[in-house]
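Quick notes on the structure that follows.
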Ligand code: H79
C-alpha cells in the first residue's frame, strides 16, 4: 500500500513538473500563449525612438540585385556564391554611415549581419563563409557597433534563420523537398553559438530575426531561442520573427498571443493603429532592400509622411538603405535622409516620444500626442479648413502651427472648426498643435472622416 502511494505521488509530481517546467514563464495563463519577457520600460524606450535605419548589405551588391531572392534567379547560383571573393568595399566608413543615420534624425541602426545567403559580415568562429574570406577582411559589424556607441545610436542586428549556405539547414533555395541529410539540431547549435558570439562581442540592443517561415523552423524552436537569448542578455529586445505569427507583408489580423517576440514587423507597409502591442514597420527608401543601380527613390514627402503615418499608428519606422559595393551610401540617399533630419529638427516634438492618436489616421490627416498636446499632421499644404470631432471633457487652450503662428479654432456642436492660412508654411508636411488643459493620452480613439 505504501509503495503504491509513493508511486502515485511520484507520478503526480512528474506530471506537475512537466506542466510547470514546459510552460515556464510564458504560460501564466495557458490560453494566453507566448509572453514576451522584456519589460514595459525597455519596450517604451524602444518605441519612443520612433525612427531607425535598416541597412541591407553584402556581396550581392556587386550585382545590384535583391539580397533576399535573386540567387538562382537573376544571378546564377554559381555566380552568387562566389561573389564574396570579390567583395572589397574599400570606401566603407562606419562613422559616415552612423553620421548619416544621426543626421536623418534616426535613433537606432540595424545591420544585416547575416542574410538568407548565410554570409556573415563579422568574423565568426562558427563558419568559414564570412567577411574574413573576402578580400576586405574587416569586421563590418564590429566597426558599426563601435561607431554607434560613439554617436549615441542604438546598435541592432538583423539575423535571418533560413540559411542557403549551411548544409545542416534543410531547405537549400533550390525548390526541392527538405534535404534528409541536413541536421536541424546541429544547425540550431551553430546559430546559438553565433548569436552568443555576437551578443558577447557587440552587445546589440535589439535582434531582428527573419526567414523563420520555412518548414524546418517551428514556434517551439523560436520560444527556445528567445529564452536562450534572454538568458544571455536580459534586456535584449527581439522582434517577432522567431515565430510564425506576424503581420509581415500580409493584411490579415494577427493574433498577438501567438507571437514569439517583443514586437510585430509589418514589411513594406505602415502597420495598423495599435496602442497595445509594439510594432515597427520596415520600409525601403527605394524599391529594393539591397542596393539597386538607378533605383527609384521615394520623394521627400513620401519619406516624411511614411514616418508620420507610422508614428500616428503608434509604431516605429525602420527605414532601409542599401549601400553600394564600394562601401558608400549613395549621395542622393544621404541627401534625402538629411532632408528628413532637417524636417525633424523643426517637427521632431511631434514624432519622438509621442503616442498615436487620438484621431485615427486617414488620407488627409493623422495625429500624435504627448503630454497636453495633440499634433495634427496635415498631409496636403493647400488645405484651408479643417473640421475635427471635438474631445469631450477637454478644453483646447491654444491652437497653432508648429512654426509658431496661431490658428483660429472654434468649437461648435462637438466639432472644432479650424481656419488655416491659405498656404501652409511647410512645403513637405505641416503640423497643427492643439494645447489642452489635460494630458492627451486619456482621450479615447476618435474615427474622424477625411473631409
Ligand atoms: O530582409 C528583407 C527581405 O530580404 C526579407 N525580409 C526583409 C526585411 C524577405 N525575404 N523574403 N521575403 C522578404 C519575402 C517573404 C515573403 C513572405 Fe511568406 C511572406 C514570408 C512570409 C510571408 C512567402 C509567403 C513565404 C511564406 C508565405
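The values are calculated or read from the model by the stated rules, or taken from the named source; none is laboratory data. Just so it is clear, the model here is predicted, and its values are computed rather than measured. For neighbour counting, all protein chains shown are included, and Cβ atoms are generated from backbone atoms with ideal geometry for every residue, glycine included.
For the stretch 145-163, which positions are closer than 14 Å to residue 53 by Cα and under 18 Å from the mean Cα position of the chain (by Cα)?
If the condition is that a residue be closer than 14 Å to residue 53 by Cα and under 18 Å from the mean Cα position of the chain (by Cα), then 145, 148, 153, 154, 155, 156, 157, 158 are the ones that fit.
When you check residue 140 against the structure, is it under 25 Å from residue 166 (Cβ atoms) and assigned by TED's automatic domain parsing to the domain that holds residue 193, yes or no?
yes
Just to be sure I understand the filter: pairs with C-beta atoms under 7 Å, separated by 6 or more residues or on different chains, first member in the stretch 65-85 and assigned by TED's automatic domain parsing to the domain that holds residue 118, second member away from the ligand (no atom under 12 Å from the Cβ) and in a helix (DSSP H, G or I). Which pairs pass?
Close Cβ pairs satisfying both conditions: 71/77; 71/80; 83/59; 83/62; 84/59; 84/133.
Across the stretch 402-451, what is the number of residues that are touching a helix residue (DSSP H, G or I) at 6+ places or on another chain (Cβ under 9 Å) and not in a loop (DSSP other than H, G, I, E, B)?
4
Which one is farthest from the ligand (Cβ to nearest atom) among residues in the stretch 196-209 that are surrounded by fewer than 22 Cβ atoms within 10 Å (Cβ to Cβ) and without any contact (Cβ under 8 Å) to a residue 60 or more places away in the chain?
200
Out of all the residues in the stretch 385-394, which are surrounded by fewer than 13 Cβ atoms within 10 Å (Cβ to Cβ) and in a loop (DSSP other than H, G, I, E, B)?
Scanning the stretch 385-394 gives 392, 393.
Determine which single condition residue 145 fails, assuming it passes every other condition in (1) surrounded by 22 or more Cβ atoms within 10 Å (Cβ to Cβ); (2) in contact with a strand residue (DSSP E or B) (Cβ under 9 Å, 6 or more places away or on another chain); (3) closer than 26 Å to residue 303 by Cβ.
(3)
Quickly run through the stretch 282-320 and pick out the residues that are part of a loop (DSSP other than H, G, I, E, B), within 13 Å of residue 340 (Cβ to Cβ) and away from the ligand (no atom under 16 Å from the Cβ).
Initially, the stretch 282-320 is screened for residues part of a loop (DSSP other than H, G, I, E, B), giving 285-299, 313-315.
Still in the list and also within 13 Å of residue 340 (Cβ to Cβ): 285, 297-299.
Matches in the stretch 282-320: 297, 298, 299.
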